[in-house]
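A quick write-up on the structure given underneath.
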Amino acid sequence: MSDPTSPPKQRHLMRRFALVDGMAVLFLALAAGIYYAADALLLVFGCILFAILLYELSARLGRRLHINRKLALAIVVGLLLLVIGLGGWAMAPQISEQSNQLAQQLPASAQRLQQMVEQHPLLQRLAKDLPQPKELMQYLGKMVPNAGLFFGGVLGAIGNVAIILFVGIYFAISPQRYKDGFIRLVPPSKRARAGQVLDEIGATLARWLLGTSCSMLIAGIATAIGLTLLGVPLGLILGIIAGLLDFIPYLGPIMAGVPAVLIALSVDPQLALYTVALFAGIQLVQGYIVQPLIDSWAVEIAPALIIVMQLIFGTIFGFAGIALATPMTATLMVAIKMLYVEDILGDHADDKDKDEEKKDS
């Protein structure tokens, strides 16, 4: 009888074990790289998002005006810098003054809330859990993303903005060069499919960014006008905060509403109730009108999934992970749908549904 474990079979088993071990080591190295270079990777992802937004705006403008896309990109960047420059020049003194007032009034408002709660026996237990003014300012400071990889404080924020601005512009000028460089890392037989996946991710993120930008603008303007009409102090800076935090679904509006309610509470408890009603009304409009339009146009993500991914990415990457959880989730959904559901499982039901919708329309 011959030995069942012949040398060819042994070599085959050794190759399989080596392949499995190599994949395990590669996965661990990739996980370690993501963990230790999280700030850099999130910054790069922010640059990619900004580049996608610039590319989509310039492509639409180029098609509308029948001009070269790079010329349209120059026009888009010029208009953005002009709007930001003029807006900053016109509102910088007011924003600076209101920012200083906000930093001074928030601890006092939190102290007053704590005193009001302590006056009610049923709420005295809650008063013990309310943060002290110093703790509140520390907590608000932690809500701000890590300033930067090389700088701290204000310089770090400016450095991050500059990196996102310039790298995003370079990406948007010639995105095909960077796309081709990434695809070359994929086996030749899979490069065509990799290109399709990248194109679909880019299109999905572009639609999501355009819709979210409109949502942020609506939320910021509506909040600033509503707070001003109600008589809440610092309406402009609170509106800017609300518009920026609207980038974060579900959690962002709550985070924006806390300082507004505290400031209103320092004036009158009834005004604080009106402020809560204002934020609730804005979120109703956002949740039942604006957000469904964004989802139907870009990618529909279940609310529970977004919140879960915010918790996961927030635990791993901090506040920046919470802020970028939605676009990262959208990216993962497109990749899983195309590479796993369609290519491995062979389920192309979504494509059939889209073809039927086109026929009906």
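The values are calculated or read from the model by the stated rules, or taken from the named source; none is laboratory data. All values derive from a computational prediction rather than experimental measurement. Note that we place each Cβ from the backbone using ideal geometry, even for glycine, and neighbour counts take in every protein chain shown.
Tabulated data
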| item | result |
| --- | --- |
| Residue check for G257: at pLDDT below 90 and assigned to a helix (DSSP H, G or I) | yes |
| Q310 vs. criteria in contact (Cβ under 8 Å) with a residue 24 or more places away in the chain and either in a helix (DSSP H, G or I) or of a type in the set (D, E) (or both) | yes |
| Residue match in the stretch 230-243 (condition: touching an Asp or Glu at 6+ places or on another chain (Cβ under 7 Å) and over 21 Å from I48 (Cα atoms)) | no |
| Residue that is nearest to the chain's Cα centre (by Cα), among those in the stretch 263-292 that are under 23 Å from Q94 (Cα atoms) and modelled with pLDDT under 85 | L265 |
| Residue match in the stretch 313-336 (condition: over 20 Å from F45 (Cβ atoms) and part of a helix (DSSP H, G or I)) | no |
| Residue match in the stretch 265-285 (condition: of a type outside the set (V, I, T), touching a Ser or Thr at 6+ places or on another chain (Cβ under 7 Å), outside any loop (DSSP other than H, G, I, E, B) and more than 30 Å from A203 (Cβ to Cβ)) | yes |
| Set L229, L245, L271: member being touching a helix residue (DSSP H, G or I) at 6+ places or on another chain (Cβ under 9 Å) and in contact (Cβ under 8 Å) with a residue 24 or more places away in the chain | L271 |
| Residue within the stretch 184-196 that is among the basic types (K, R) and not in a helix (DSSP H, G or I) present | yes |
| Matching option when the condition is surrounded by 13 or more Cβ atoms within 10 Å (Cβ to Cβ), over 25 Å from S58 (Cα atoms) and under 23 Å from the mean Cα position of the chain (by Cα), among A203, A219, A260 | A260 |
| Scope the stretch 181-199; condition at pLDDT 90 or above, aliphatic (A, V, I, L, M) and surrounded by fewer than 15 Cβ atoms within 10 Å (Cβ to Cβ); matching residues | A192 |
| Enumeration of residues in the stretch 56-83 that are surrounded by fewer than 14 Cβ atoms within 10 Å (Cβ to Cβ) and touching a residue at least 24 places away in the same chain (Cβ under 8 Å) | K70 |
| Answer from A203, A157 - the residue that is part of a helix (DSSP H, G or I) and modelled with pLDDT of 90 or more | A203 |
| Filter result (part of a loop (DSSP other than H, G, I, E, B) and either in contact with a helix residue (DSSP H, G or I) (Cβ under 8 Å, 6 or more places away or on another chain) or at pLDDT below 50 (or both)) within the stretch 337-361 | D343, D347, H348, S361 |
| Selection within the stretch 275-302 - among the aromatic types (F, W, Y) and buried (at least 19 other Cβ atoms within 10 Å of the Cβ) | F279 |
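Yes or no, residue by residue, for (1) within 25 Å of A194 (Cα to Cα); (2) within 13 Å of the chain's Cα centre (by Cα):
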position	(1), (2)
V308	no, no
I312	no, no
I322	no, yes
M328	yes, yes
D347	yes, no
